[in-house]
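Structure first, then comments.
The values are calculated or read from the model by the stated rules, or taken from the named source; none is laboratory data. These numbers come from a predicted model, not from an experiment. Positions of Cβ are generated from backbone atoms using ideal geometry, with glycine treated the same way; all protein chains shown enter the neighbour counts.
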Amino acid sequence: MQSEEHWDRVYETKATESLSWFQAHASRSRHLIQSTGVALSAPIIDVGGGASTLVDDLLADGYSNLTVLDISSAALAAAKKRLGSGRSAKVQWLAANITEVKLPVYANEVWHDRALFHFLASAQERQSYVQAVLRSVKPGGHVIVATFAEDGPVQCSGLPVVRYSAQGLHAEFGASFDLVRHEHEAHHTPFGTAQQFVYCCFRKLVL
């Protein structure tokens with residue numbers, strides 16, 4: 001996973017709307033979070049959320065216990081500026097590397113990640129990520145992860161990525177998680193190309 005400096009440079013030198021992963025509305029993520037059926041007061045964390053507009057829509061839906069984590073302080077600053085001081089104050093913002101941060105135990109009912117996990121090139125990074133999920137998500141909680149699919153791009157932002165099938169992604173998370181559902185999406189970038197994603201919804205088992 002690249003450094004904070006790499007991602008800060010991306011967000012400081014390019015308009016958010018011009019980035020390949022930009023979505024005016026993260027409709028599929030929003031729908032999958034709604035489909036978990038958790039209460040509007042349920043703690044939800046968007047990992048690698050950066051400047052994503054998902055937090056805007058979740059606030060509009062009435063969710064009130066939101067955390068956005070990203071390695072880039074610049075990305076989080078862009079999101080806070082877009083929301084304005086009033087709405088951004090309703091969100092907890094964490095500038096941290098997900099492979100290093102120690103999140104509170106069982107603090108979240110929903111873990112969402114669109115397009116972070118596929119940047120974890122080493123098995124050690126992926127193991128650290130899964131350990132963070134195991135620590136942070138309540139037993140019975142929901143984990144929604146979207147990565148490039150097997151026919152997706154081989155790199156993003158100049159960096160190599162790991163592509164996954166639903167079964168391959170489930171294998172990374174292991175036996176502590178049930179694969180509840182998975183969906184594919186063709187994401188249309190701001191510059192007119194299509195990127196194939198796979199979304200997996202896991203349930204953390206009560207062991």
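Assorted remarks:
- The residue that is surrounded by the most Cβ atoms within 10 Å (Cβ to Cβ), among those in segment 148-192 that are assigned to a helix (DSSP H, G or I) and within 17 Å of the chain's Cα centre (by Cα), is Leu169.
- Index of the failed condition, Gly37 passing every other in (1) small (Gly, Ala, Ser); (2) within 16 Å of Arg82 (Cα to Cα); (3) free of Cβ contacts under 8 Å to residues at least 24 places away in the same chain: (2)
- Every residue from segment 58-77 that is out of contact with any Leu (no Cβ under 7 Å at 6 or more places or on another chain) and either under 17 Å from Ala107 (Cα atoms) or crowded, with 17+ Cβ neighbours inside 10 Å (or both): Asn65, Ile71, Ser72, Ala74, Ala75, Leu76, Ala77
- Conditions (1) crowded, with 23+ Cβ neighbours inside 10 Å; (2) under 21 Å from Phe197 (Cβ atoms); (3) touching a Phe, Trp or Tyr at 6+ places or on another chain (Cβ under 6 Å); (4) aliphatic (A, V, I, L, M): number failed by Val137: (2)
- Note on segment 29-47: residues that are part of a loop (DSSP other than H, G, I, E, B) and either crowded, with 24+ Cβ neighbours inside 10 Å or among the hydrophobic types (A, V, I, L, M, F, W, C) (or both) amount to 4.
- Among the candidates Lys138, Lys102, the residue that is touching a residue at least 24 places away in the same chain (Cβ under 8 Å) and not in a loop (DSSP other than H, G, I, E, B) is uniquely Lys138.
- Pairs are defined by a Cβ separation below 9 Å, a sequence spacing of at least 6 or placement on different chains, a first member in segment 3-21 that is modelled with pLDDT of 85 or more, and a second member that is among the acidic types (Asp, Glu); the pairs so defined are Trp7/Asp70.
- With respect to the conditions (1) in contact with a Lys or Arg (Cβ under 9 Å, 6 or more places away or on another chain); (2) of a type in the set (A, V, I, L, M, F, W, C); (3) within 28 Å of Ser18 (Cα to Cα), Ala121 lacks only one, and its number is (1).
- Evaluated against (1) assigned to a loop (DSSP other than H, G, I, E, B); (2) surrounded by fewer than 20 Cβ atoms within 10 Å (Cβ to Cβ), Gly86 falls short on exactly one condition, (1).
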